[in-house]
Amino acid sequence: DSDRMNIAIDGPAGAGKSTVARKVAGQLGYVYIDTGAMYRAVTYTAQRAGVSPEQTARLAELTRSLQIDLRPGDHGQSVYVNGEDVTASIRSREVTLQVSYYAAIESVREVLGTLQRQLAARKGVVMDGRDIGSHVLPDAELKVFLTASVEERAARRYREISDSQSITLRQLESEIAERDRLDEQRAISPLVCASDAVVLDSTGMTIDEVVAAIVKLSRTKLAEAK
Ligand code: CDP
Ligand code: CDP
């Protein structure tokens with residue numbers, strides 16, 4: 001279908017990727033795929049099985065044994081691993097603090113990257129992550145590198161947490177900065193802005209403004225392709 005394209009949205013933590021990608025997909029009638037949720041699902045399952053990122057052979061075996069499904073749910077996307085709903089579990093602090101270590105392992109990236117390419121094969125996909133435009137879907141018709149200042153990204157995440165007592169804004173900011181550093185510095189498919197990506201700095205922008213900007217870019221790309 002020549003009327004459909006793939007859209008890659010990459011960027012650091014808290015930039016608004018998943019919120020914006022879901023809405024863009026809704027407006028275009030596309031499928032949204034949250035690749036961060038896949039890395040979180042592997043992390044959660046490995047932690048529960050007592051497998052550390054250093055145990056590379058066990059981790060590879062475990063990752064290959066997982067059936068990861070993303071299903072549209074009532075509140076966005078539900079994530080299933082081998083039939084079990086892990087949607088809430090993969091957002092825990094324990095997973096968030098460890099996920100970048102698991103995501104740096106070659107076998108994990110290979111398995112998830114293959115799955116992601118399969119899901120995008122028929123086009124009409126909005127996929128968000130860290131390496132989608134640069135590595136997973138280098139031929140995506142539209143690539144967006146979505147960013148915002150680390151202060152704003154931390155403040156956005158802070159507002160999401162109801163029991164803010166348990167963590168300070170400062171602490172959250174340093175954890176986000178550390179995860180960005182790990183994601184940018186890993187050897188295999190690090191977080192990087194693809195050379196042909198459109199950079200969108202969302203500092204001071206509302207969600208709807210960012211969504212509108214990306215939908216407009218997609219319409220321009222589609223018109224160009226005709
Ligand atoms: O939503 P948030 O920004 O907290 O993170 P996420 O998108 O759920 O991704 C969690 C982690 O998964 C990232 O910090 C990366 O370490 C890893 N990830 C990755 O390596 N490659 C991707 N394409 C997506 C996520
Ligand atoms: O997926 P990513 O980690 O890039 O970010 P997100 O989870 O989509 O967004 C983090 C938080 O920032 C969410 O609570 C969004 O509602 C909020 N947000 C915002 O306030 N303004 C924006 N322009 C984008 C996101």
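Against the compact-protein benchmark of 2.2 N^0.38 Å, the Cα-based radius of gyration of region 160-221 scales to 1.52. Quick check: from the Cα gyration tensor, does region 94-216 come out rounded (a/c under 1.5), prolate or oblate? Because a/c hits 1.5 or more and a/b fails to exceed b/c, region 94-216 counts as oblate. The label point for SER92 and the one for GLN185, both projected 7 Å from the Cα toward the Cβ, are 2.7 nm apart.
For ALA121 and GLU61 in one chain, what is 0.36 nm times their gap in residues minus the Cα-Cα distance, to one decimal in nm? Please list the in-between numbers first.
On the way: separation 60, 0.36 × 60 = 21.60 nm, distance 2.54 nm.
Gain on stretching ALA121 to GLU61: 19.1 nm.
Structure remark: mean-square fluctuation, Gaussian network model of the chain, C-alpha springs under 10 Å; the largest value among VAL198, VAL125, VAL108 belongs to VAL198.
Can you give me the relative contact order of the chain as a percent, contacts being Cα pairs under 8 Å and 6 or more apart?
34 percent
Where in region 45-75 does the label zone of GLU110 land, with the point 7 angstrom along Cα→C-beta and an amide N cut-off under 19 Å? 46, 52-68, by backbone N distance to the label point.
Shown in residue order for region 98-112 are the 3J(HN,Hα) couplings computed by the Karplus curve 6.51 cos²θ - 1.76 cosθ + 1.60 at θ = phi - 60°: 10, 4, 5, 6, 5, 5, 8, 7, 3, 4, 5, 5, 5, 5, 6 Hz (x for Gly and Pro). Relative to the globular-protein estimate of 2.2 N^0.38 Å, the Cα radius of gyration of the chain stands at 0.98.
Once the piece of chain linking THR19 and HIS75 is laid out straight, how much longer is it, given 0.36 nm per residue of separation minus the C-alpha distance between them? Provide the component values of the computation, followed by the final result.
Details: separation 56, 0.36 × 56 = 20.16 nm, distance 1.14 nm.
In short, 19.0 nm is gained.
Applying a DSSP loop filter and a limit of 13 other Cβ atoms within 10 Å to the trypsin sites (Lys or Arg not before Pro) in region 5-59 leaves nothing. A full extension of the chain between GLU209 and ILE161 corresponds to an added length of 14.9 nm, given 0.36 nm per residue minus the alpha carbon distance. Restricting the trypsin sites (Lys or Arg not before Pro) of region 109-213 to loop positions (DSSP other than H, G, I, E, B) with no more than 12 neighbouring Cβ atoms within 10 Å leaves ARG122. Each part gets one Cα centre, and for region 126-202 versus region 27-68 those centres are 18 Å apart.
Taken together, the values in this text are just the output of simple stated rules run on the coordinates, not laboratory data. Bear in mind that the values here come from a model prediction, so they are computed numbers and not experimental data. Using ideal geometry, Cβ is built from the backbone for each residue, glycine included, and neighbour counts are taken over all protein chains shown.
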